[in-house]
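Throughout, read-outs are computed from the coordinates displayed, never taken from laboratory work. Since the structure is predicted, the reported quantities are computational estimates derived from the model, not experimental observations. All Cβ positions, even for glycine, are placed from backbone atoms using ideal geometry, and neighbour counts span all protein chains on display.
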Amino acid sequence: MAAAVDEERLDETFAALANSTRRALLARLAAGAATVNELAEPFAMTLPAISKHIKVLEEAGLVVRGRRAQYRPCALDPDALKAVSTWAEQYRPVWEQRLDRMDDYLARLVPAGAERSKR
């Protein structure tokens, strides 16, 4: 049953990462914790819109919020990204093999030392 939970979390993580605004928020948080107001500064969006994006990131486990009185900084939680990396890593041998085959094919098409014709 734990595998199903992991798959569900992975789905949430990929869904959260599918949005460019959320990826930009994560990139900013990679530099350090920030408040919602600080995160919203570079965007032409309302605070509620930014808050919704942060909520999606929180639900996916990518962002955590601290609590210090009225100050609630957001911070990147790298564990969810580790899960994505682990998932993608299992496919590395496949894409490396395909890239190696493409290199071999291209090497046969263009012999070593041959110059490309000018167009």
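General remarks:
- Relative to the longest principal axis of the Cα atoms of the chain, the long axis of helix 47-59 lies at roughly 70 degrees.
- Helical contribution to [θ] at 222 nm, DSSP H n ≥ 4, -39,500 (n - 2.57), averaged over the chain, rounded to 500: -20000 deg cm²/dmol
- The dipole here belongs to the chain: it is taken about the Cα centre, uses +1 on the Cβ of Lys and Arg and -1 on the Cβ of Asp and Glu, and is about 520 debye.
- Of the Cα atoms belonging to the chain, the radius of gyration and Dmax stand at 21.2, 69 Å.
- Qualifying trypsin sites (Lys or Arg not before Pro) in region 30-99, where qualification requires a DSSP coil assignment and no more than 16 other C-beta atoms within 10 Å, comprise 67.
- The chain: angle of helix 2-17 to the longest principal axis, Cα-based, in degrees nearest 10: 90
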